[in-house]
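Contents: one structure, followed by commentary.
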Ligand code: FES
Ligand code: FES
């Protein structure tokens, strides 16, 4: 048994310590967003955020996650209350099959957390590990730019509300 | 309401007080053999399933369901169908619920392939909805004692001039919609459209961007267990020894399933199944044979195999002859569908009935194949389509569905989820076939093509199910099913010869299809089939000939193109790109152009592109592409744009990077390192898609129309940039560099 913090909640996990985080998320915690794409660290469809950084969950064993904070796409928002990155992907219709999209969004989210105003080149460089086979790339890029703008306005209005 | 719960559409549909419907498919099918008389053909898939209630159901409470036998693959047609039904029925978009391919609920529309969904199913729903609306008006007219012409529909109700209102739910009565469709419908005037023709957001996207259950990979049925298959290391390998005792003792392992060369393991949890699969693979000893051809000599391999040859097009005008002649040979390697999510299925065997949740493109044919493999009657096998990762043709979907069914039968009562590993998807999916084309043409004194010769060598482009022998599991089991003999796909759509006949007009022309029956590698349908390579060849060669004639590539195409809608997309793409004769690109850059009408009968597409080539490294990057597309009446312009953008990106990846590799025994491209595809550093600066809408015209499938033109447009731009013509796909950095240095 190990305690794993996912999306702000502690979970007791009964799995071998070498179990990759991906299977813990999908199988033990019944979370859908992180996807199995290759299990080899080559495609990014399993990307989640661990302590603010984008991590490939398929090659990250459970044992390395003691005391860390794991965030998945489910932890960002919901259909009725979407996070800026989710709203942006909806507004840009940035999916075809969508299988790669959760991983794209998590990597983009990690980028926006540390660099709220990335350039186009920075977004492209950041997303380099993630593959999309449907060719949704142009929309993904537009969605990340839009998310940056949405977060910026959200911050601005939050600041305005708090009188800053 | 007190009926026992049976998974039967009649019951499902009668539940909750619905006043209709008995499912008409059985009756519809029973009629297939009856003479149609002189009646004109019903539009779209109404021709195969003519009853209106095969397509639409209205409940007493006003809920409306549209049924399609096609599978949503990420092309977004579920949204488009919902738009069509809502528009023609005069109800809000949200009032419609769309049910997709399910052998128990929907019509048999065969495969979701060949860009046919809008044409077949979209057209059926369009006409069915229009006719249902007429029926509802007639019903209201009877009840109100008014003439139908005086009634109008709005927001799910029929409304009389005096304001009296009858909702659709009030109007539906038993069997009202259980009538055969008429060949003609009173369709709404496109000018009045409120939903069709508008960029309605896709219904599937919210769940996909919030971690909802969106794919078969996400299914978690109660009591579900996980299985993994151990595939042979190579085609035809025989399992000679496998001591599975130790594997059976591993934590969580429920069962090892062995049937001839079919080997699998079931465990409680997914990672337990993977660990057990690895242990089982280590315990298995296989006898392999060296049967694969030479990867670097596909030209001679293919043209050296026996072929059935047919002249598929011939035209002659002895009064016209050429002066300057050009010859060229183009090749395409085997290429992978390469779905990002490996294929997956869930199967449940209970009370002698098998249910399989699958991302197959054809629930009915796949059911037939799986039933045959299991030696069960098709009636006791149900296939339900659930979305998977994008497939772009026949990938591992049907095979994994068969794997799951075979494994689930060994563990009755427990739903079994099977997903392939990345290496299995890459090594075992049926590839897009390698192809060779040889072209020869001459130009007359006026700079026109006088004589055109085109020959294509190819396997079939469909080994899809229907027969058990198409499924890996059935091929591997002890009582194995033989792979059925391949057949060429008939024209006008064609397979290896798809788009082999040029749409241009030439005085003399001859097109030959060399159909190769022997399949050294496992192959089947991949997006665009033969059109990808044939259009790449034709449109590359058109540029070569334009060069020979000293003509501008766009003007040269227009010289030979009579089809007015074809001319429109060519002119539109050229104009939006800013194409000008003799325009000089900046150093290291080139402009390219290409055009095709998919299958010569679906959507028109022209693409202009700008490519940058690094002469030091040979690296080519598409900087921008401008596409013009005419797919008839547009239902969802943003959905269409998304499809074309995706087609350009994917075709660019095929064209610049991709080929399946193998040695004499095994497939060696087994992951994204050994089968590299496009990554973000290769993404263009921009892609612009311009739609030429044709209100009131038939839907023309558009999902594959971009593949060929994108490839040739990029190849032509590379030739423009470097002065070197590359004719062997993929146009890799090394090949470009070698050509520059030569
Ligand atoms: S599934 Fe983790 S990188 Fe591909
Ligand atoms: S949207 Fe299908 S793989 Fe990216």
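The values are calculated or read from the model by the stated rules, or taken from the named source; none is laboratory data. All of these numbers come straight from a predicted model, not from anything done at the bench. As a convention, Cβ positions derive from the backbone with ideal geometry for all residues, glycine included, and neighbour counts pool all protein chains shown.
Here are a few things to note about the model shown:
- With respect to the stated conditions, residue A:42 is touching a residue at least 60 places away in the same chain (Cβ under 8 Å) and either within 14 Å of another protein chain (Cβ to nearest Cβ) or near ligand 1 (Cβ under 8 Å from one of its atoms) (or both).
- Annotation note: of A:87, A:124, A:107, the sole residue that is touching a strand residue (DSSP E or B) at 6+ places or on another chain (Cβ under 8 Å) and either more than 10 Å from chain B (Cβ to nearest Cβ) or not in a loop (DSSP other than H, G, I, E, B) (or both) is A:107.
- Strands (runs of 3 or more DSSP E) contained in the range B:242-359 and holding at least 3 residues touching a strand residue (DSSP E or B) at 6+ places or on another chain (Cβ under 9 Å) and over 30 Å from residue B:458 (Cα atoms): B:253-259, B:262-267, B:284-287, B:344-350, B:353-358
- Residue list for the range B:512-543, filter: in contact with a strand residue (DSSP E or B) (Cβ under 6 Å, 6 or more places away or on another chain) and more than 30 Å from residue B:391 (Cβ to Cβ): B:512, B:541
- Members of the range B:726-742 that are outside any helix (DSSP H, G or I) and buried (at least 17 other Cβ atoms within 10 Å of the Cβ): B:726, B:727, B:729, B:730, B:731, B:732
- Selection count where residues are over 18 Å from residue B:340 (Cα atoms), part of a loop (DSSP other than H, G, I, E, B) and within 14 Å of chain A (Cβ to nearest Cβ), scope the range B:375-401: 0
- Among residues of the range A:133-156, those that are within 11 Å of another protein chain (Cβ to nearest Cβ) and either within 16 Å of ligand 1 (Cβ to nearest atom) or farther than 11 Å from residue A:92 by Cβ (or both), counted: 4
- Some residue of the range B:350-359 being within 14 Å of another protein chain (Cβ to nearest Cβ) and either more than 16 Å from ligand 1 (Cβ to nearest atom) or in contact with a helix residue (DSSP H, G or I) (Cβ under 8 Å, 6 or more places away or on another chain) (or both): yes
- For the residues A:109, A:128, A:86, the requirement of being within 16 Å of ligand 2 (Cβ to nearest atom) and crowded, with 19+ Cβ neighbours inside 10 Å singles out A:86.
- Scanning the range B:61-82 for residues that are part of a loop (DSSP other than H, G, I, E, B), closer than 19 Å to residue B:634 by Cβ and more than 16 Å from ligand 2 (Cβ to nearest atom) yields B:68, B:70.
- Every condition in (1) facing chain B (nearest Cβ under 10 Å); (2) out of contact with any helix residue (DSSP H, G or I) (no Cβ under 7 Å at 6 or more places or on another chain) holds for residue A:15 except the one numbered (2).
- When each of B:182, B:131 is tested for being touching a residue at least 24 places away in the same chain (Cβ under 8 Å) and assigned to a helix (DSSP H, G or I), the lone residue that passes is B:131.
- In the range A:7-21, the residues that are away from ligand 1 (no atom under 16 Å from the Cβ) and under 18 Å from residue B:251 (Cα atoms): A:13, A:14, A:15, A:16, A:17
- If you filter the range A:93-104 down to residues that are outside any helix (DSSP H, G or I) and either more than 25 Å from residue A:39 (Cβ to Cβ) or more than 7 Å from every other protein chain (Cβ to nearest Cβ) (or both), you find that the one that is nearest to the chain's Cα centre (by Cα) is A:94.
- Screening residue A:79 with (1) under 24 Å from residue A:150 (Cα atoms); (2) within 16 Å of ligand 2 (Cβ to nearest atom) gives one miss only, at (2).
- The lone exception for residue A:61 - which of (1) at the interface with another protein chain (Cβ under 8 Å from one of its Cβ atoms); (2) modelled with pLDDT of 95 or more; (3) under 24 Å from residue B:252 (Cα atoms); (4) away from ligand 2 (no atom under 16 Å from the Cβ) it fails: (1)
- Just one of the listed residues (B:705, B:665) is assigned to a loop (DSSP other than H, G, I, E, B), on the phi < 0 side of the Ramachandran plot and out of contact with any helix residue (DSSP H, G or I) (no Cβ under 9 Å at 6 or more places or on another chain), namely B:665.
- Filter result for residue A:138 (under 23 Å from residue A:40 (Cα atoms) and either buried (at least 24 other Cβ atoms within 10 Å of the Cβ) or within 13 Å of ligand 2 (Cβ to nearest atom) (or both)): no
- Filter result for residue B:370 (away from chain A (no Cβ under 14 Å), surrounded by fewer than 24 Cβ atoms within 10 Å (Cβ to Cβ), in contact (Cβ under 8 Å) with a residue 12 or more places away in the chain and more than 16 Å from ligand 2 (Cβ to nearest atom)): no
- Taking the criterion of being in contact (Cβ under 8 Å) with a residue 12 or more places away in the chain and on the phi > 0 side of the Ramachandran plot, the residues of the range B:307-356 that qualify are B:338, B:352.
- Looking at A:55, A:24, A:48, just one residue is within 12 Å of chain B (Cβ to nearest Cβ), free of Cβ contacts under 8 Å to residues at least 40 places away in the same chain, crowded, with 20+ Cβ neighbours inside 10 Å and within 16 Å of ligand 1 (Cβ to nearest atom), and that residue is A:24.
- Residue check, residue A:117 more than 26 Å from residue B:201 (Cβ to Cβ), more than 16 Å from ligand 1 (Cβ to nearest atom), at the interface with chain B (Cβ under 10 Å from one of its Cβ atoms) and out of contact with any strand residue (DSSP E or B) (no Cβ under 9 Å at 6 or more places or on another chain): no
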